[in-house]
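The values are calculated or read from the model by the stated rules, or taken from the named source; none is laboratory data. Every value quoted in this text rests on a predicted model; they were computed, and no experiment measured them. All Cβ positions, even for glycine, are placed from backbone atoms using ideal geometry, and neighbour counts span all protein chains on display. Surface areas here come from the heavy atoms of the whole protein model, side chains and all, with no ligands, DNA or RNA. Shrake-Rupley method; radii C 1.70, N 1.55, O 1.52, S 1.80 Å.
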Amino acid sequence: MANLTLPGAGEASAKPDQTAALAQLPSIDRLLADASLAATLEQFGQPLVKRAAQDELGARRERLRAGDGAVPAALGELCAAIDARVRRRAASRLPAVFNLTGTVIHTNLGRALLPDEAIDAVAAAMRGFVALEYDVASGGRGDRDDVVDDLLCELTGAEGATVVNNCAAAVLLTLKALGAKKEVLISRGELIEIGGAFRMPDIMKAAGCKLVEVGTTNRTHARDFADAIGPRTALVLKAHTSNYAVTGFTAAVPEQELAAIAHARNIALAVDLGSGALIDLAQFGLPKEPLPQEVLAAGADLVMFSGDKLLGGPQAGLIVGRRDLVARIKKDPLKRALRVSKLTLAALEATLRIYASAFRLPERLPTLALLARGAEDIRAACERLLPALAQFAGAEFEARIEACASQIGSGAQPVERLPSCAVVLAPRLPKGAGRRLDALARRLRALPLPVIGRVQDNAVWLDLRCLRDEGALQAQLLRATVEEG
Ligand SMILES: *Cc1c(COP(=O)(O)O)cnc(C)c1O
């Protein structure tokens, strides 16, 4: 012990080793010339491989200098580490995943799956020029909203329509264009937060409106609105309470009554509908959602809704309603900042055309197909996948099939559930169950196509409602089971 505490003794003995080890590290050129990196270079190109080699060598030098005892690596091992670095760097940060969460329109997993017709339209718009703001007939300038204007009016019965980046943008733009520096009335029961910092009071502030809260959290009456309207009122706003339900002793003012009160004082009624289905989903056994066309027919002057929720199209915010109000909204400079690209318009147009055709909707709209999928069909898929999942989970887990309930998601119908079926993987022993569950969930996420389920009641639940490519899941489970031994 004593001689180790002599100043510098430890260092003095380590130094020559360290220097020798550092000197033994191969040069970048030597590494790039090694045959084991030839395939990596061929696939990814020299700049990426060289940078990975520099990073790898840098990391090794640092470890040697820190004296963590690492011996200089064999050339083969170094090249393998460089290849792994290159692959990590080249891997997509937007990887495809299996959504087995049971939530169909899952904001964190990209919401709606788009129709093939929309995908083809987007691909065509990406590859070539399109008449986005160009009137081919006259050779003059066009308006990009014209791409979907007619379809949206036909489908909703509106006089005018415009499209922005998402529904949050639609609400912000509508409030700013029609209500800036004035008062906007909204029921206290509808001061919604949608998540991701979309809070109605904040949106009002951002739009420069003065928020006037009407009624109480659970009950708001027609007379509350009538009393609240004053000379500075610009707009009455109604927000669909899409991600929560107020139950018990409640009262809200229906659109029809609210519209009558607003119109009697020459004020417009705008409704933030959020999810916005364009067809009655009850015909597919799904819960009923308010439709923009119904809300307009009830007297609303404007309706805002999302393109990528129940509509099953691209992310977009749709504003439909009175022609003069839509014109004012389109003139606002903020519209330019919130406008959508040709890709969104191409996808949206193709999706709306499917609705307009009223033909084979569940076949052509994948999001609708997932929502309408029957529990028996899902159970059959569970039975087919059970052996591969059981094998992948291993002997420590019991694998069984259980009925469960899927969610529509994205704030559509928070209370309603869709009958579904799941493969449930539960640890056999209570000891260390939590750790085992986390490890299994991690292994599922580490698969080449990550599998995202949910952990609930001490088990991993894989709701197969949204599983479309059973073969791909099965194949990667079997491959991983073999590889992991
Ligand atoms: C989801 C939702 C929004 C936000 O829509 P995005 O398209 O996500 O911006 C706004 N209002 C309501 C009522 C919603 O349900």
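Condition test on D301, is it of a type in the set (D, E, K, R), within 13 Å of the ligand (Cβ to nearest atom), surrounded by 14 or more Cβ atoms within 10 Å (Cβ to Cβ) and at pLDDT 95 or above?
no
When you check L78 against the structure, is it in contact (Cβ under 8 Å) with a residue 60 or more places away in the chain, hydrophobic (A, V, I, L, M, F, W, C) and surrounded by 13 or more Cβ atoms within 10 Å (Cβ to Cβ), yes or no?
Numbers: in contact (Cβ under 8 Å) with a residue 60 or more places away in the chain: no; hydrophobic (A, V, I, L, M, F, W, C): yes; surrounded by 13 or more Cβ atoms within 10 Å (Cβ to Cβ): yes.
In short, no.
Hey, can you tell me all the residues within region 159-168 that are open to solvent by 10 Å² or more (accessible area, probe 1.4 Å) and either under 27 Å from A206 (Cα atoms) or within 12 Å of the ligand (Cβ to nearest atom) (or both)?
Within region 159-168, N165, N166, C167, A168 qualify.
Among the residues of region 206-224, is there at least one that is open to solvent by 50 Å² or more (accessible area, probe 1.4 Å), within 16 Å of the ligand (Cβ to nearest atom), outside any loop (DSSP other than H, G, I, E, B) and free of Cβ contacts under 8 Å to residues at least 60 places away in the same chain?
yes
If V253 satisfies every condition in (1) in contact with a helix residue (DSSP H, G or I) (Cβ under 7 Å, 6 or more places away or on another chain); (2) in a loop (DSSP other than H, G, I, E, B); (3) within 12 Å of the ligand (Cβ to nearest atom) but one, which is the exception?
(3)
Taking G67 and the conditions (1) open to solvent by 40 Å² or more (accessible area, probe 1.4 Å); (2) part of a helix (DSSP H, G or I); (3) touching a residue at least 12 places away in the same chain (Cβ under 8 Å); (4) within 23 Å of Q24 (Cα to Cα), which numbered condition does it fall short on, given that it satisfies the others?
All conditions are met except number (2).
State which residue pairs qualify: first residue away from the ligand (no atom under 12 Å from the Cβ) and inside region 266-290, second residue part of a strand (DSSP E or B) and open to solvent by 10 Å² or more (accessible area, probe 1.4 Å) in any location, beta carbons under 6 Å apart, and separation of 6 or more residues or different chains.
If the second residue must be part of a strand (DSSP E or B) and open to solvent by 10 Å² or more (accessible area, probe 1.4 Å), the pairs left are I267/T233.
Name the pairs whose Cβ atoms lie under 6 Å apart, with the first residue in region 320-338 and outside any helix (DSSP H, G or I), the second open to solvent by 60 Å² or more (accessible area, probe 1.4 Å), and 6 or more positions between them or separate chains?
R322/E159
Starting from residues that are part of a loop (DSSP other than H, G, I, E, B) and in contact with a helix residue (DSSP H, G or I) (Cβ under 9 Å, 6 or more places away or on another chain), keep the ones in region 452-473 and report whichever is farthest from P366 (Cα to Cα).
Among those that are part of a loop (DSSP other than H, G, I, E, B) and in contact with a helix residue (DSSP H, G or I) (Cβ under 9 Å, 6 or more places away or on another chain), it is N458.
When only residues in region 296-318 that are out of contact with any Leu (no Cβ under 6 Å at 6 or more places or on another chain) and not in a loop (DSSP other than H, G, I, E, B) count, which is nearest to N166 (Cα to Cα)?
G317
Give me the residue from region 311-320 that is open to solvent by less than 10 Å² (accessible area, probe 1.4 Å) and within 16 Å of I194 (Cα to Cα) and, out of that set, farthest from the ligand (Cβ to nearest atom).
At the first step, the residues of region 311-320 found to be open to solvent by less than 10 Å² (accessible area, probe 1.4 Å) are 311-313, 316-320.
Pick out the ones that are also within 16 Å of I194 (Cα to Cα) and you get 316-317.
On the way: A316: 8, G317: 6 Å.
Selected residue: A316.
Would you check which residues across region 339-363 are part of a helix (DSSP H, G or I) and within 22 Å of the chain's Cα centre (by Cα) and list them?
Answer for region 339-363, where residues must be part of a helix (DSSP H, G or I) and within 22 Å of the chain's Cα centre (by Cα): K342, L343, T344, L345, A346, A347, L348, E349, A350, T351, L352, P362.
Pairs under 7 Å by beta carbon, first residue of a type in the set (V, I, T) in region 297-308, partner away from the ligand (no atom under 13 Å from the Cβ), six or more apart or different chains?
Note: pairs meeting the criteria are V303/L296; V303/V320; V303/G321.
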